[in-house]
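Engineer: Before anything else, here's the structure in question.
The values are calculated or read from the model by the stated rules, or taken from the named source; none is laboratory data. Model, not experiment: these values are computed from the prediction. Cβ placement follows ideal geometry from the backbone for every residue including glycine, while neighbour counts extend to all protein chains displayed. Side chains included, ligands, DNA and RNA excluded: accessible areas come from the protein's heavy atoms. Shrake-Rupley method; radii C 1.70, N 1.55, O 1.52, S 1.80 Å.
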Amino acid sequence: MDLELKLLPAEKRRPVPELKNLVFGRLFTDHMFVMEYDCERRWHAARIEPYAPISLDPAAIVLHYAQTIFEGLKAYWGVDGRIRLFRPWENMQRLNRGAERMCMPRVDEEFVLSAIKKLVWIDRAWIPREKGAALYIRPFMFGTEPSLGVKPSHTYLFMVILSPVSSYYQEGFNPVKIYVTDEFVRAAPGGTGEVKAGGNYAASLKAAEVAKKKGYTQVLWLDAVERRYVEEVGTMNIFFYFDDELVTPALSGSILPGITRDSVLQLARHWGLRVSERRISIDEVIEGIETGRLRECFGTGTAAVISPVGALYYRGKEYLINQGQTGPLAQKLFDELTAIQYGEKEDPFGWVTLVEG
Ligand SMILES: *Cc1c(COP(=O)(O)O)cnc(C)c1O
């Protein structure tokens, strides 16, 4: 498939604003990638064009039944002036697994990744230069067919938009306080929890609001069946460091398989740590806090990389973890991952892909 370039002439491009203190996901670059799908032509009309609103039929299936998936990755401006993506092939594969689960057409991973690289290169002036800041890349796909029948759409749009983001930690690590909910669930066995389907996030808003009202920034989700086993925190995977064992919930079907999660597992194993993917009950976590066995707890995801958890609320009580401070393992993982992302350290795992003109 050809990729058509319909670029803004230099004089029509916006001056890049100061890329500091940005609110996440509010500012977008000059261009976007679009391609269209229908059953006869399959994917076609791939192009990079000026960022602009799109028009949709009010009956478009996505607006009523949420047939939509997305991805999230970042482009980093390296200390050597080169632009890097972190494990983008994993995002392409996860996107296609999501497409399959949601009865949407697969995309050509190679083609989409090359289009993303082209788009990032075209809008590279929008990549913040400070360490920690990056250009967030949001690929997404949705059903556009006008139809109120509940069925897979026959037509789709696939798009990629770019948003410069500030460092998550402008004033250093700030451990988050999390609220364990046994009232709401994020995902159930057999559901769509293991793919980035839009509806999952709409369904999680209520619990986040309840948590926020009580002064907590994230929700810790328990399993839907017994409300006993830990699954994820907010839109991050979660890790516990007990004594000499680093533990994360095993991928159960209702947990999103995070790329940061996988990178932390690989790094920790590479360092010789004892690492387990298994079930962890909330009782084990509370007991670990009370006995001092739980040394650290942190979330992992593309946005924050590592997000230390300083306190946990469960059934009317607040528990402090590591005196509310960032632990040494969380710090070491953060330093190592970001050093690879920004080209400060060698990349022994082959995780990084360069973006070049
Ligand atoms: C995206 C996401 C994650 C983290 O995935 P990464 O690939 O590490 O960014 C974890 N949980 C949920 C629910 C997510 O949507």
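Engineer: Would you mind telling me which residue in HIS270, HIS44, HIS31 has the biggest mean-square fluctuation in a Gaussian network model of the chain, where springs connect alpha carbons within a distance under 10 angstrom?
Structural biologist: Fluctuation is largest for HIS270.
Engineer: Roughly how many percent of the accessible protein surface of the chain is carbon and sulfur, given a 1.4 Å probe and a whole-percent answer?
Structural biologist: 50 percent
Engineer: Also, quick follow-up: Where a ≥ b ≥ c are the square roots of the eigenvalues of the C-alpha gyration tensor, would you call the range 265-340 rounded, which needs a/c under 1.5, or, failing that, prolate if a/b is larger than b/c, or oblate?
Structural biologist: Prolate, since a/c reaches 1.5 and a/b exceeds b/c.
Engineer: Among the lysines, which have Cα under 21 Å from the Cα of LYS214 when same-chain residues fewer than 8 positions away are ignored?
Structural biologist: Within the straight-line limit of under 21 Å, LYS214 reaches these lysines: LYS177, LYS206, LYS317.
Engineer: Report, in debye and to the nearest 20, how large the dipole of the range 176-341 comes out about its Cα centre when Lys and Arg carry +1 and Asp and Glu carry -1 on their Cβ.
Structural biologist: Value, rounded to 20: 380 debye.
Engineer: Have a look at GLN331, TYR216, GLY272 and report the one farthest towards the positive end of the charge dipole of the range 195-340, computed about the Cα centre with Cβ charges (Lys/Arg +1, Asp/Glu -1).
Structural biologist: Selected residue: TYR216.
Engineer: Can you grab the distance from the C-alpha centre of the range 1-51 to the C-alpha centre of the range 162-207, Å, no decimals?
Structural biologist: 27 Å
Engineer: Assign unit charges at the C-beta atoms only (+1 for Lys and Arg, -1 for Asp and Glu), then state the dipole size of the chain relative to its Cα centre in Debye, rounded to the nearest 20.
Structural biologist: 560 debye
Engineer: Now for a separate question. From the square roots a ≥ b ≥ c of the eigenvalues of the alpha-carbon gyration tensor of the range 106-165, which class results: rounded (a/c under 1.5), prolate (a/b over b/c), or oblate?
Structural biologist: prolate
Engineer: Right, next: Evaluate the relative contact order of the chain (contact order divided by residue number), counting alpha-carbon pairs under 8 angstrom at least 6 apart; express in whole percent.
Structural biologist: Result for the chain is 19 percent.
Engineer: Could you provide, to the nearest whole Å², the per residue accessible area of the range 176-341 with probe 1.4 Å?
Structural biologist: Normalised by residue count, the accessible surface of the range 176-341 is 41 Å².
Engineer: Rounded to the nearest 20 Debye, what is the dipole magnitude of the range 255-357 about its Cα centre when Lys and Arg each give +1 and Asp and Glu each give -1 at the C-beta?
Structural biologist: It comes to approximately 360 debye.
Engineer: Which of the GluC sites (Glu not before Pro) across the range 258-357 are loop residues per DSSP, with 12 or fewer other Cβ within 10 Å?
Structural biologist: Of the GluC sites (Glu not before Pro), the ones in loops of the range 258-357 whose Cβ has at most 12 other Cβ atoms within 10 Å are GLU346, GLU356.
Engineer: Would you look at the GNM of the chain, springs on alpha carbons closer than 10 Å, and say which of ALA303, ALA52, ALA211 moves the most?
Structural biologist: In the Gaussian network model the winner is ALA52.
Engineer: Also, I was wondering about something else. So what is the 222 nm mean residue ellipticity for the chain from helices alone, if each DSSP H run of at least 4 adds -39500 (n - 2.57) and you divide by all residues, rounding to the nearest 500 deg cm²/dmol?
Structural biologist: Calculated mean residue ellipticity at 222 nm is -7500 deg cm²/dmol.
Engineer: Per residue, how much space in cubic angstrom lies within the convex hull of the C-alpha atoms of the chain?
Structural biologist: Dividing the Cα hull volume of the chain by its residues yields 141 Å³.
Engineer: Based on the alpha-carbon gyration tensor of the range 4-165 and its eigenvalue square roots a ≥ b ≥ c, which shape applies: rounded if a/c is under 1.5, prolate if not and a/b is larger than b/c, or oblate?
Structural biologist: Taking the square roots of the gyration eigenvalues as a ≥ b ≥ c, the range 4-165 is prolate.
Engineer: Treating cross-link reach as a plain straight distance, find the lysines whose alpha-carbon is under 22 Å from the alpha-carbon of LYS74, omitting any fewer than eight places away in the same chain.
Structural biologist: LYS20, LYS117, LYS118, LYS131, LYS196, LYS332, LYS345
Engineer: On C-alpha positions alone, give me the angle between the axis of helix 109-122 and the longest principal axis of the chain, in degrees, nearest 10.
Structural biologist: Roughly 80 degrees, rounded to the nearest 10.
Engineer: Once the Cα atoms of helix 88-101 and of the chain are each reduced to a long axis, what angle between those two axes, in degrees from 0 to 90 to the nearest 10, is obtained?
Structural biologist: The angle comes out at about 90 degrees.
Engineer: Treating the range 178-261 as a set of equal point scatterers at the Cα positions, no solvent, please give the Debye-formula log₁₀ I(q)/I(0) at q = 0.20, 0.22, 0.27 Å⁻¹.
Structural biologist: Ignoring solvent entirely, the Cα scatterers give -0.91, -1.08, -1.46.
Engineer: Local charge sum around THR326 (other residues, Cβ-Cβ under 13 Å, Lys/Arg +1, Asp/Glu -1)? Don't skip to the answer; put the middle values down first.
Structural biologist: Working: positive: ARG295, LYS332; negative: GLU171, GLU296, ASP335.
Combined, the nearby Lys, Arg, Asp and Glu give -1.
Engineer: Ok, one more. GluC sites (Glu not before Pro), restricted to the range 34-109: which are DSSP loop and have at most 10 other Cβ atoms within 10 Å?
Structural biologist: GLU40
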